[in-house]
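In what follows, a structure is listed as structure tokens, so that the remarks can point back to it.
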Amino acid sequence: MKKRNISSYRVLEDVQMERIHERSMDMLGKLGVEVLGDEARRLFADAGCPVDRNRVYLPRKLVHEAISLKQDEIALYSRTGKRVAFQQDEIHVHNMGGATGIIDGETGALRDANRQDCIDMIKVLDGLDIVDNLVTPVYPQDIDQRLSLFYANKEALKYTTKPLDISGAGSITEAELTYEMLMLFRKSEKEMAEKPLSFAFISPVSPLILGKDETEIMIYLVKKGLPVCCTPCPITGLTAPVTMLGGLTLQNAEMLATFVLARLVDPEAKMIYCARLCSADLAKGIVVVGTPNEAVCSAAAVQMAQYYGLPADVYGAGTNAIMGDQQMAFEKMMEIILPAWAGAHNLSGVGDISKGIAMSYEQMVIDAEIFSAALHSLTALQDDEIDLGFEAIKDKINQGTEIIMHGNTLEYMRSRELYAKNRKLVNYEDYSMWINAEKKTIMEKAKIKVGEMIKSHQQVLDEDQEKELEKIFRFGREKLLK
């Protein structure tokens with residue numbers, strides 16, 4: 001976790017936020033939302049929403065009632081009790097999740113993620129200090145795909161003591177089984193609601209569709225007291241209006257529709273504004289990531305979250321690059337800086353390669369340093385506020401005291417201000433030092449570090465907990481493969 005101590009960057013004027021809100025309300029009230037789940041439609045209808053087959057129209061009054069109740073602080077807890085709170089001026093970092101492939105950072109070679117990757121990737125992420133909370137990084141392809149996410153979640157729980165969001169599920173049955181795994185680490189459902197291990201995840205389909213399975217799963221988990229992570233993924237020019245403001249408005253409308261549904265289930269439901277608006281290359285008809293537009297839209301989404309008093313989780317180290325090259329470096333830094341400066345509470349993207357289709361072991365540890373450098377730049381200058389080095393200069397002039405030996409230097413040389421002291425992979429030596437030493441590239445250093453982290457990491461579950469986890473998996477496998 002990093003503290004943000006400078007004024008926020010603002011991409012949207014107040015009048016633009018008001019317009020986005022008002023036009024979102026028009027979309028919900030005049031265009032409606034396609035709701036494919038029976039229970040979700042019933043909840044909307046019982047609350048007074050006009051329903052025409054699957055299309056539900058949300059009255060302004062209902063939306064205002066849902067968003068007017070300010071929510072308490074959202075926090076996730078690890079199974080060992082570690083707390084990550086999404087609150088003002090704190091910036092947290094998590095990895096990219098749900099990849100199906102692994103890319104070699106040096107060669108660009110792509111392979112399928114496998115079951116061993118489920119273990120090794122969590123080991124690396126668990127050892128990176130900058131990563132505060134995790135999502136399941138990869139879905140193994142060497143297993144029946146009906147079990148892929150369920151298996152990955154099981155293994156992830158074994159190897160991290162950090163908060164781990166494993167809320168994704170393909171069906172209500174899988175959601176129930178996943179919740180059963182989570183309950184191994186809580187004494188009661190009440191404790192789970194008070195110290196949630198995970199989010200209730202839902203990703204609306206743009207434009208304005210709430211799916212059957214997604215709403216069933218969200219409703220089930222909200223009833224259990226888990227906070228909602230709503231993650232719309234509209235694509236400007238393809239599934240959303242081509243303009244950034246148009247895309248932001250659609251994304252916001254989908255957020256509001258989900259928030260209303262959550263509050264119809266539980267009036268005290270909490271939600272994080274998890275925005276994933278991205279752009280398209282319209283000439284080629286493909287999604288592009290790592291663009292200035294995406295960074296600006298993430299910063300704007302943070303402002304919209306603040307408008308409703310919600311914490312924001314947005315793209316962080318996203319990239320369209322395939323190899324660990326200059327393109328990847330500048331895209332990731334740009335994608336981190338703008339939303340972090342705007343006030344984001346949680347930034348994603350550690351390990352992301354090629355717009356999320358794959359993860360990279362090497363890139364995970366490099367991204368940790370990119371995040372560390374980027375977030376360090378948002379820290380206000382506070383050390384030596386009283387003297388500002390006056391005594392050091394006076395003693396140098398009057399007595400010849402070398403600054404490197406002065407008390408001021410000795411007092412502040414370990415200050416958090418001095419970023420270089422935290423370097424792990426980045427080269428800060430001059431050319432002669434580098435050429436006479438190891439002469440390793442950052443990618444070569446990253447490979448070595450990954451190997452060391454995997455080798456040194458220990459499984460963190462005790463034997464009884466592991467047996468219970470495997471028991472649930474065996475039971476779940478029978479149900480999911482029917």
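Of these, 250, 264, 282, 277, which one is surrounded by fewer than 24 Cβ atoms within 10 Å (Cβ to Cβ) and closer than 30 Å to residue 59 by Cα?
264
Suppose the filter is in contact (Cβ under 8 Å) with a residue 12 or more places away in the chain, out of contact with any strand residue (DSSP E or B) (no Cβ under 8 Å at 6 or more places or on another chain) and outside the structural domain of residue 315 (by TED's automatic domain parsing); does residue 467 pass it?
Taking the combined requirement at face value, the residue does not satisfy it.
Suppose we keep only residues that are in contact (Cβ under 8 Å) with a residue 24 or more places away in the chain and farther than 18 Å from residue 302 by Cα within region 237-247. Which one would you say is surrounded by the fewest Cβ atoms within 10 Å (Cβ to Cβ)?
Among residues in region 237-247 that are in contact (Cβ under 8 Å) with a residue 24 or more places away in the chain and farther than 18 Å from residue 302 by Cα, the one surrounded by the fewest Cβ atoms within 10 Å (Cβ to Cβ) is 242.
Of the numbered conditions (1) within 18 Å of residue 447 (Cβ to Cβ); (2) in a loop (DSSP other than H, G, I, E, B), residue 116 fails exactly one; give the number of that condition.
(2)
For the structure I just gave you, tell me whether residue 178 is in contact (Cβ under 8 Å) with a residue 60 or more places away in the chain and of a type in the set (Val, Ile, Thr).
Considered against the rule, which asks whether it is in contact (Cβ under 8 Å) with a residue 60 or more places away in the chain and of a type in the set (Val, Ile, Thr), residue 178 comes out as no.
Among the residues of region 352-361, is there at least one that is part of a loop (DSSP other than H, G, I, E, B) and among the acidic types (Asp, Glu)?
No.
Within the group 208, 226, 221, which residue is in contact (Cβ under 8 Å) with a residue 40 or more places away in the chain, of a type outside the set (Val, Ile, Thr) and under 18 Å from residue 278 (Cβ atoms)?
The unique qualifying residue is 208.
Those residues that are within 15 Å of residue 79 (Cβ to Cβ) and in a loop (DSSP other than H, G, I, E, B), I need them from region 164-198; list them, please.
166, 167, 186, 187, 188, 195, 196, 197, 198
Results for (1) at pLDDT 90 or above; (2) loosely packed, with under 15 Cβ neighbours inside 10 Å; (3) in contact with a strand residue (DSSP E or B) (Cβ under 9 Å, 6 or more places away or on another chain); (4) not in a loop (DSSP other than H, G, I, E, B), shown as yes or no for each residue.
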site: 394; (1), (2), (3), (4): yes, yes, no, yes
site: 401; (1), (2), (3), (4): yes, no, no, no
site: 411; (1), (2), (3), (4): no, yes, no, yes
site: 416; (1), (2), (3), (4): no, yes, no, no
site: 427; (1), (2), (3), (4): no, no, no, no
site: 432; (1), (2), (3), (4): no, yes, no, yes
site: 449; (1), (2), (3), (4): yes, no, no, yes
site: 453; (1), (2), (3), (4): yes, no, no, yes
site: 458; (1), (2), (3), (4): no, yes, no, no
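The values are calculated or read from the model by the stated rules, or taken from the named source; none is laboratory data. What you see is a predicted model, and the numbers here were worked out from it, not measured in a lab. As a convention, Cβ positions derive from the backbone with ideal geometry for all residues, glycine included, and neighbour counts pool all protein chains shown.
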